[in-house]
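Q: Can you keep this structure in mind? I'll have questions shortly.
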Amino acid sequence: MELKDQIRINAPRERVFAALNDPAILKQAIPGCESLEATSPTDFTAVVAARIGPLAARFTGSVSLADIEAPVRYTLSGEGKGGPAGFAKVKASVELEEDGAATLLGYSVKADIGGKLGQLGGSIVDRTAQKLAGEFFQQFDALIAAPAEATDDAGDSKPVVMAQPPARGVGPVWWGVAAMIALLLAWMALK
Amino acid sequence: MSAKPDDRGSWMGTRLPRKEDLRLITGQGKYVADIVLPGMLHAVFVRSDYAHARLVNVDVSAALEAPGVVAVITGEEMKSHCRSLRQPVLLPNLPAKYPTYYGLAVDKVKFHGDPVAMVIARDKYQAVDAAELVVVDYEELPVVLDPEAALDADAPRVHDEEADNLMFEMTFTGGGTDEERAKNEAEVEKIFQSADVVVKGRFRVHRTGTTPMETRGVLAEWSASDGLTVYNTTQRPHIDRLAFADILDIPAEKARVIAPRDMGGGFGLKAPFYRESVVVAYACRKLGRPVRWIESRYESLMNIGQERGQINTLEVAASKDGKLLALRNRGIADVGTGQIGVYWGFVMPFLGAVEMPNAYTWEAGDTNLKVIFTNKACLTPSRAFGHFPTRFAMERAVDMVARKIGMEPSDLRRRNLVPRLPYTSVTGEYYDSGDFLKVWDNLMVQVDLPAFRKEQAEARAQGRYLGIGFGCGVELSGVASELMVPMENQPGYGAATVRIDPRGKVFIMGGDAPGGQGHETTISQIVAATFGISPEDTIITTGDTGTTPFGSGTIGARMGSYFASAVRKACDELREKITHVLAHDLGIRATMEEFAFTEGEVVYQRDPSKRKGFREIAERIVMFPINLPEGEVGGLETTAFFEAAKPMICFNADACVVEVELATGQFKVLRWQTSEDVGNVINPMIVDGQMQGAIIQGLSNAIFEEFIYNDQGQQMTADFEHYKLATAADVPDVKVTYASTPCPHTPLGTRGIGEGRPSAVPGALCNALVDALAPFDIDITELPIRPSVLWQKLKAAGAV
Amino acid sequence: MYPAIIEDYQRPESLQEAVAILSGYEPGDAIFMAGGQSVMQAMKSRMVRPRCVVDLQSIAELKGISSANGLHIGAMTRYVEIAGAVELAGANAALRDAAQHVGDRQVRNRGTIGGSCCWNYVASCMPAVTLGLGAIFHLLDPQGKTRAVQADDFFLGPLETARGDHELLTHLSFETTPRSGSAYKKWGLVTDALPVVGVCLKLSLDAAGRCSAVRMSLSGLPAGAQRAPAGEAALMGSDGSRESVARAMEAVVDSVECHSDKWADAHYRQQLIRTLGQEVAATAFARARGEQ
């Protein structure tokens, strides 16, 4: 299945880019994310537990990043394995465009669902993917968007997460968007 | 049994209610899943979720720790402890690529569902729990799914050891050498060049097949003294036994296969020898405990039952007065991995190509078939073994010719039906006996075409669209050794052991295992008629290699043709002996023909006072064998073998009437009529049921059922929500009529029936739809045919 | 396949007992089982792995159709009972249309209206029909509190409803407005299969025989049970003529997203919306006029 959309994030591009760097933000934005860990500068894994209606699943996702052109674009590929339930493979590309004080975040994702989930989930999977992508971005936006009354007092103004350095001293990592899209899609694949 | 023999005092031709049914419908059937052995363990397979991937690692450590788990078998173990399934007894006698494979995947998985490990536990729930804990590392490989693209030089190879994905290729016409074939090809081309009419179509038939009510099951038991005993849902226990012996390196006398008394349908898909059977048998020997595997429906839909799957680019040349001249076909069959024993996925398309000429006379033909590997489940035999797609192509092409020259399709068929048998087709198939014209004329009497054309015209005037379509089919009636040996390295004869006991009960043993066709009943009627006793006094045992004579299996309609004939032969031998002894006892000189076996007695016709009860004479010969005529010893048991000199056929013709609703493309089959040459009929109710079932199966295949692989090779139709079967509400009443010619080559004049029967259905159906929509000149060359497809065609034609 | 281990099975005999059992488990660890026609399949394929199954079939208060205080249908009412309930006429006749054609005879003997709506499978008929009829869903929580949820708020998307994990659907209630009629028709490849597309229509007529209120819903589309507001608006004031219905169904076609799958492509689904729309409109109008 394929997903393509463009989201307006109420923050400047640099901030969005930095937030996408930040595993802590991503862990909060991904519903049900239990852990996020780097296994290399451009690879990492996560464990997500989630539900849609009566269906629940827990799976491990792994993601790799490539073609990084800061702060504009990159691609990612990933796979979420749901054990006996099946798997999802994801390829995505993300592009950030300045829009005044905000950012247009465009993503294009191709996901292949395999195993039982693909067979039994079918039409529900597509629908859920859109929904979850929407939920993720809503949360992501809420976490990093500028407050309604901007203030000159830097100390009051921003969500804490901005200031956190990337985990484990691994350089600028773009696993953020990569991870959440891959994991979201793998997650919904398990529904 | 309340039915009586017919007026002639014979059970032949009687609509006897089936002996099997009472136990089957009261839950007394004994299927493989009903068999419980002490200490029995349960097996579950772990299967690949990927269509093509390298098997990097199979980690069973967590599974081994799970509650109740006794063992987990992997491909490496199968490879190092057993031979491969590439054994002579499982290889056809045809020149093809036969890549080696084992009970479980080794190195690579090649289709979605490829078995990777088998978990054995104390109960089936624990086995499934543990199977979830097996962790497999796959390294994905590119998939190849389209058979034509699979022939490209840069296509991914399904089997690493093979040079390419072309499994088998053959030209079926022209002769045995390249020169002869080239000459034939040129001659056929000349005919096409000069013919008045040429039609051409690319006829594509989807993957579809059969879904028996009972899935597969294997229960294997090992003991040091008796060796291996396998209860297997197989149509071919005697062949299976040899395969088990060869693969597991067991002395042949220590292997026994028993097809359970009751099997819930086979339809061909229980004829191959399967990998799962090997792994289960291996496991029971390794563990010294019985192991049972019952296939889930999900597994079954994923892994077997898929057949048809061909593209036939067919051209037909004809004269303008409706004489068929030449056919030219290029067939492509997508057989998946090709790795299922005995048939390797391609013997079906092979036979389908042979059957392409159907029941028509041709001056010449040029047919070629290519069989191609892809990353899909291997094809398994389904009723209408390979010729469902080729018959669809031919029956549509014949109609296309008729349309082009403005002739009634039924007239064109009649004009070209083989007028006199025996006859040999352009692909070398021998048609032994029958009267095609008689069958056809009977159909046309049922149909009353002029009345229908009037009905059709009136309906059209009211904006209703009715159509009529015809189809016919020559089918194999059993498979003679002459064809079986070169094709499959296996014999075709029928064999039966008949034993009469001192109480006058008759036991019949046969090696072929039925799957619900009613063999018990049919055979009991033959035996009852032959000995003048009640069918209730006969007992039929089938499918146990320990107690039955060698038979190559319930396949290709062998029952009515081969097995029944062998039974009759054996019964006649015993009648010979009975009458010889009785005449001696009565002090008369008399031949067998001078005695009548009737109503439980053996009666001397010239002097009916000279008679003896069947039970009494049996007891006398078996229990008190003294004062016998010279040369005779006691006992009443014999095994007889039957083989026809040449292969035999049966023939059928179909007509169907449909109505199409233009606004939605939805259609309904209003009536389906058939005309059959099934030789002499033993039980008309059973034969009717076979015909009706076959038509319904053909309709369901043509309209509703489709196995689908997506572009990643994921099989998407593994439950009945996605693989749809026709319901009773979706199919018409089928009116079966008979115009039989007794077969001159069988003792009872019977023909084997029912196996190939579905193949004429899609052609007849689509011909009817095209006829209904004739004003809009639409064409149908692909299956499945569905309302949405028909509606699109109507839109494209400007009709809606 | 075989289900994952189920630790406990309970068959309570009262509503309070049922919700009490569920409230003792984490969300999702205990599930209600109504007719089991969806839940058992999900358990066998292990898509759902409850620790406890709470079987509702012995709770008398969940069963039955009553017309005493407006139309109430207990959540455990089986399709076969709805199919045969002649009192479901006029405004609510679509319930019978749907119930008579779910699955097959065996499914109709066991499956329930409550189970179907709470499972809310993407292609199911009952969610679409109860949505089309504007049913009200009555929920009970472990504290004994009840709440009533409108159908428009109950169905949240495939497999999701407003029912909380510990809430029990007790019954559905329906309006029985006079001079009203409803109808439902679906098309699937095999008889009574899950719909490729289905149309439900409920309408009321004014004194002049024109549509004064209308609800329309669809089944079989990827969004699951959904209203068709464009069609509703277009049908207001209609006298049921083929032309006005055709216009309304065209408005529906223009406003909904139809998908292509192995059963039909999007264009065919659109055509089915048009043709099924005509059929249900004819029936709904006839029922509203008292002709059927």
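All of the numbers you see were taken from the coordinates with simple rules; none came from a lab. Because the structure is predicted, anything quoted here is derived from the model rather than measured. Positions of Cβ are backbone-derived with ideal geometry, glycine not excepted, and every protein chain shown enters the neighbour counts.
Q: If each of A:ARG58 and B:VAL36 carries a label point 7 Å out from its Cα toward its Cβ, how far apart are those two points in nm?
A: 3.5 nm
Q: Follow-up question, since we're still on this one. Order these by the 10 Å Cβ neighbour count, fewest first: B:SER565, B:SER425, A:SER108.
A: Ranked by crowding around the Cβ, least crowded first: A:SER108, B:SER425, B:SER565.
Q: Would you mind pulling out the separation of the Cα centroids of the range C:14-34 and the range B:305-381, in Å?
A: If we compute the Cα centre of each part, the gap is 58 Å.
Q: Which value in Å does the Kirkwood hydrodynamic radius of the protein assembly as shown take, with 1/r averaged over all unlike C-alpha pairs and then inverted?
A: In the protein assembly as shown this quantity evaluates to 34.0 Å.
Q: Test of the criteria: in the range B:91-199, which GluC sites (Glu not before Pro) are in a DSSP loop and have at most 12 other Cβ atoms within 10 angstrom of their Cβ?
A: B:GLU148, B:GLU161
Q: For B:ALA186 and B:LEU151, what is the calculated FRET efficiency with R₀ set at 22 Å and r taken between the beta-carbons, to the nearest 0.05?
A: According to the calculation, E is roughly 0.35.
Q: For B:706-715, what's the mean count of beta carbons from other chains sitting within 10 Å of each residue's beta carbon?
A: For this peptide, the per-residue mean of nearby foreign Cβ atoms is 2.
Q: Straight-line reach only, C-alpha to C-alpha below 23 angstrom: list the lysines that C:LYS185 could link to, leaving out same-chain residues fewer than 8 apart.
A: Straight-line reach from C:LYS185, under 23 Å: B:LYS668, B:LYS724, C:LYS202, C:LYS262.
Q: At 7 Å along the Cα-to-beta-carbon direction for both A:GLU98 and C:GLU61, put a label point, then send me their distance in nm to one decimal.
A: So the two model labels end up 6.5 nm from each other.
Q: For A:VAL72 and B:ASP107, FRET efficiency with R0 = 51 Å and r from the beta-carbon atoms, rounded to 0.05?
A: 0.75
Q: By per-residue mean of other Cβ atoms within 10 Å, what is the highest-first order of B:317-327, B:710-720?
A: The peptides rank, most packed first, as B:317-327, B:710-720.
Q: When Lys and Arg each count +1 and Asp and Glu each count -1, what net charge do the other residues less than 13 Å away from B:THR746, Cβ to Cβ, add up to?
A: +2
Q: Taking a cut-off of 13 Å between Cα atoms, list the aspartates and glutamates near B:LYS438, but don't count ones fewer than 8 places away on the same chain.
A: Of all the aspartates and glutamates, those that pass the test against B:LYS438 - Cα under 13 Å, at least 8 places apart if same chain - are B:GLU676, B:ASP677.
Q: I would also like to ask the following. Taking 21 Å as the cut-off for C-alpha to C-alpha distance, list the pairs among A:LYS116/B:LYS110; B:LYS19/B:LYS735; B:LYS108/B:LYS270; B:LYS200/B:LYS320; B:LYS19/B:LYS505; B:LYS79/B:LYS110 that go past it.
A: Those over the limit are B:LYS19/B:LYS735; B:LYS108/B:LYS270.
Q: Applying the Karplus parametrisation 6.51 cos²θ - 1.76 cosθ + 1.60 with θ = phi - 60° to the phi angles of the range B:671-677, what ³J(HN,Hα) value in whole Hz is obtained for each residue in order, glycine and proline being reported as x?
A: 8, 10, 10, 10, 10, 10, 10
Q: Pull out the extension gain between B:ASP160 and B:SER319, defined as 0.36 nm times the separation in residues minus the alpha carbon to alpha carbon distance; nm, one decimal.
A: 52.4 nm
Q: I need to check one value: relative contact order of chain B, counting alpha carbon pairs closer than 8 Å and at least 6 residues apart, in percent.
A: 16 percent
Q: Further question on the same structure: Residues of C:157-169, mean number of Cβ from any other protein chain within 10 Å of their own Cβ, rounded to a whole number?
A: That works out to 3 on average.
Q: Now a separate question. Rank-order C:231-243, A:7-19 by packing density, defined as the average count of other C-beta atoms within 10 Å over each peptide's residues, highest first.
A: Per-residue Cβ counts within 10 Å, averaged per peptide and sorted highest first, yield A:7-19, C:231-243.
Q: Hey, another quick one. Mind pulling up the Rg/Rh value for the range C:212-292? Radius of gyration and Kirkwood radius, both on Cα.
A: Expressed as Rg/Rh, it is 0.98.
Q: Let me ask another. Between B:LYS724 and residues 5 or more places away or on another chain, which pairs have amide H atoms under 5 Å apart, with H built 1.01 Å from N, and which residues are they?
A: B:GLU706
Q: Next question. With just the Cα atoms defining each centre, how far is the range B:134-170 from the range C:167-211? Give it in Å.
A: Between the Cα centres of the range B:134-170 and the range C:167-211 lies a distance of 51 Å.
Q: Another one. Ranked highest first by the average count of other Cβ atoms within 10 Å around their residues, in what order do B:496-509, B:632-645, B:580-593 fall?
A: Most protected by this proxy first, the peptides run B:496-509, B:632-645, B:580-593.
Q: Let me ask you something else. Can you pull the semi-axes for the range A:62-141, root of five times each eigenvalue of the Cα gyration tensor, sorted largest first, whole Å?
A: Ellipsoid semi-axes (Å, largest first): 27, 16, 9.
Q: If you average the alpha carbon positions of the range B:696-723 and of the range A:1-57, how far apart do those two centres end up, in angstrom?
A: Rounded to whole Å, the Cα centres lie 37 Å apart.
Q: Another question, if that's okay. Which residues' amide hydrogens lie under 5 Å from the amide hydrogen of A:VAL48, considering only partners 5 or more residues apart or on another chain, with H built in the peptide plane?
A: A:GLU34, A:PHE59, A:GLY61
Q: What fraction of the DSSP beta bridges in the protein assembly as shown is antiparallel, stated in percent and rounded to the nearest 5?
A: In the protein assembly as shown, approximately 85 percent of DSSP beta bridges are antiparallel ones.
Q: Going by how many other beta carbons lie within 10 Å of each one, how would you line up B:MET118, B:MET407, fewest first?
A: Final ranking by Cβ density, sparse to dense: B:MET407, B:MET118.
Q: FRET efficiency for A:GLN28 and B:THR547, Cβ-Cβ distance as r, R0 = 60 Å, nearest 0.05?
A: The value I calculate is 0.25.
Q: Can you compute the label reach from C:SER23? Point 7 Å from Cα along the Cβ direction, backbone N cut-off under 16 Å, restricted to the range C:143-182.
A: Output list for this probe position: C:143-147, C:164-170.
Q: Taking the beta-carbon count within 10 Å as an exposure proxy, list C:SER182, B:SER223, B:SER609, C:SER204 from fewest neighbours to most.
A: Going from sparsest to densest Cβ surroundings: B:SER609, B:SER223, C:SER204, C:SER182.
Q: May I ask for the net charge around B:ASP123, where only other residues with Cβ less than 13 Å from the Cβ of B:ASP123 are counted and Lys, Arg are +1 while Asp, Glu are -1?
A: Charge balance in the 13 Å sphere: +2.
Q: Let me ask something else. Quick one: what are the phi-derived ³J(HN,Hα) couplings along the range C:81-94, Karplus 6.51/-1.76/1.60 with θ = phi - 60°, whole Hz, x for glycine and proline?
A: 5, 5, 4, x, 7, 5, 5, 7, 10, x, 4, 10, 4, 4
Q: For the range A:41-98, which chymotrypsin sites (Phe, Trp or Tyr not before Pro) pass both filters: DSSP loop (anything but H, G, I, E, B) and at most 13 other C-beta atoms within 10 Å?
A: Here no chymotrypsin sites (Phe, Trp or Tyr not before Pro) fit, given the DSSP loop and packing criteria.
Q: Would you calculate the separation in nanometres between label points at B:GLU139 and B:GLU458, each defined as 7 Å from the Cα along the Cα-to-beta-carbon direction?
A: 7.4 nm
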